[in-house]
Amino acid sequence: MSEEKIVLVPIQEVPYINWDETRAKKLRMLLVDETRRSIAEKLGEMGIEVSRQNVDRLLKGEAKWINTQHILAICEGFSLNLSDLIPVYALHVPIKATLQLDKSQSELQ
């Protein structure tokens, strides 16, 4: 029996996400009415400079990975859910619990 190992890491700590043709196809379907230019321009308005050529590589599935901030911006800019493209496991931890966790980790050192 094969198991998938799941590790929880803050998204800000993950610089890149693996990309493939399947994810590219999903993104193309979700952005069917958008052009490469409109996608690049929308990202530019959000402060993320991406060339139309890189958008094209992303949509064709030629890219092996995508910058996490770029895919998050695409989702935000076009009202998509990240979970539409990749598996997402959300864990909401109360701030108090986070502080307690940090304290327990420091005691172990």
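Quick note: the coordinates plus some simple rules give every number you see, no bench work behind them. Given the structure is predicted, the values throughout are model-derived calculations rather than measurements. So basically every Cβ, Gly included, is an ideal-geometry build from the backbone, and we count neighbours across all protein chains shown.
Points worth noting:
- Packing around the peptides 62-70, 29-37, taken as the average count of other Cβ atoms within 10 Å per residue, puts them in this order, highest first: 62-70, 29-37.
- Computed from phi, the 3J(HN,Hα) profile of the stretch 47-58 under the Karplus parametrisation 6.51, -1.76, 1.60 (θ = phi - 60°) reads x, 10, 8, 9, 6, 4, 5, 5, 4, 4, 4, 5 Hz, with x in place of Gly and Pro.
- Put in order of Cβ neighbour count within 10 Å, fewest first, the listed residues Lys60, Lys5, Lys42 become Lys5, Lys60, Lys42.
- Expressed as a whole percent, the proportion of Cα-Cα pairs in the stretch 1-93 lying more than 23 Å apart is 23%.
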